[in-house]
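One structure is given here, and the rest of the page talks about it.
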Amino acid sequence: MLCLQEIKASPAQLGLLADIAGYHCYWHGDKGYSGVALLVSERVAPDCPSYVVPPFDFEARIVTTRLTARLPELAVASVYVPNGGKDFEAKLRFLGDLEAFAASHARDGVPLVICGDLNVARTDADIHPKERKLNQIGARPDERAQFERVISHDLIDVQRTLNPDATDLFTWWPPWRDLRKKNVGWRIDYVLASTALHARTASCIVEREVGTSDHAPVTWTFT
């Protein structure tokens with residue numbers, strides 16, 4: 001499965017990328033802003049799964065699917081939480097709706113994976129010391145508290161759980177002064193997995209040397 005965020009393109013703009021051999025693809029975006037995608041390998045789902053955009057979506061920030069061919073069944077969400085710089089209250093509302101989404105899956109007993117750019121650093125350990133500032137967006141107490149409420153619904157922060165004491169675990173770097181090369185960044189991209197799925201984790205790594213985005217891919221392998 002491949003979860004993409006901030007694709008900044010409508011399906012019509014994708015051309016040959018819209019259909020990738022061996023994958024069921026769902027692109028949810030518009031020209032020049034926001035957008036998410038969710039690609040599922042045909043090895044995982046021989047038949048095309050149903051994709052759902054939840055009612056609380058705005059600006060093309062979430063798409064979900066439920067994989068029923070697997071045992072156990074699981075749900076996957078590709079999520080791009082608002083940064084909050086222009087409308088912080090909209091960010092808190094989105095996180096609140098994401099909490100309700102996670103709670104409903106936990107209540108129904110459906111294992112859930114939330115992947116994406118969630119735009120919150122859980123603790124100061126998720127921000128390089130040179131990037132820490134008082135009350136900055138992405139690290140405010142109220143958004144951190146709301147993020148923890150999302151996780152409280154039987155979700156595990158896979159990467160942090162595997163690396164509890166790491167102080168150099170970042171996924172995004174300001175795109176200047178070679179900060180990515182120096183690893184002066186933030187951890188704001190996550191794989192949140194239900195407890196039962198996390199128990200099957202083989203690895204979860206940041207591929208800092210991959211790609212040209214200011215974010216690095218986070219790759220989770222589970223059995």
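How about segment 102-129: which of its residues are under 18 Å from the mean Cα position of the chain (by Cα), part of a loop (DSSP other than H, G, I, E, B) and not charged (D, E, K, R)? Scanning segment 102-129 gives Pro111, Leu118, Asn119, Val120, Ala121, Thr123. Cβ separations smaller than 9 Å between residues 6+ apart or across chains give the following pairs from segment 153-167 residues that are at positive phi to residues that are among the hydrophobic types (A, V, I, L, M, F, W, C) and part of a strand (DSSP E or B): Asp154/Leu112. Within segment 198-218, is even one residue surrounded by fewer than 15 Cβ atoms within 10 Å (Cβ to Cβ), hydroxyl-bearing (Ser, Thr, Tyr), modelled with pLDDT of 95 or more and in contact with a strand residue (DSSP E or B) (Cβ under 9 Å, 6 or more places away or on another chain)? Yes, because at least one residue in segment 198-218 is surrounded by fewer than 15 Cβ atoms within 10 Å (Cβ to Cβ), hydroxyl-bearing (Ser, Thr, Tyr), modelled with pLDDT of 95 or more and in contact with a strand residue (DSSP E or B) (Cβ under 9 Å, 6 or more places away or on another chain).
Taken together, the criteria place Arg107 among residues that are open to solvent by 60 Å² or more (accessible area, probe 1.4 Å) and of a type in the set (Lys, Arg).
Would you check which residues across segment 96-135 are basic (Lys, Arg) and either closer than 19 Å to His198 by Cα or modelled with pLDDT under 95 (or both) and list them? Full working, then the answer.
Going residue by residue through segment 96-135, those that are basic (Lys, Arg) are 107, 122, 130, 132-133.
Within segment 96-135, Arg107, Arg122 qualify.
Residue under question is Asp47, and the condition is that it be closer than 25 Å to Thr171 by Cα and free of Cβ contacts under 8 Å to residues at least 40 places away in the same chain; does it hold? Criteria not met by Asp47. When restricted to residues that are modelled with pLDDT under 95 and surrounded by 14 or more Cβ atoms within 10 Å (Cβ to Cβ), segment 69-95 contains 1.
Of all the criteria given as (1) open to solvent by less than 20 Å² (accessible area, probe 1.4 Å); (2) under 27 Å from Lys86 (Cα atoms); (3) among the polar types (S, T, N, Q), the one not satisfied by Gln159 is (2). Scanning segment 170-197 for residues that are more than 15 Å from Gly116 (Cβ to Cβ), of a type outside the set (S, T, N, Q) and open to solvent by less than 60 Å² (accessible area, probe 1.4 Å) gives Phe170, Trp173, Pro174, Leu179, Arg180, Val184, Gly185, Leu197. Among the residues here, Asp97 does not qualify as acidic (Asp, Glu) and without any contact (Cβ under 8 Å) to a residue 12 or more places away in the chain.
The values are calculated or read from the model by the stated rules, or taken from the named source; none is laboratory data. Predicted model, so just to flag it, every value in this text is computed and none were measured. Virtual Cβ from ideal backbone geometry, glycine too; neighbours counted across all protein chains shown. Ligands, DNA and RNA are excluded from the accessible area calculation, which covers all protein heavy atoms including side chains. Shrake-Rupley method; radii C 1.70, N 1.55, O 1.52, S 1.80 Å.
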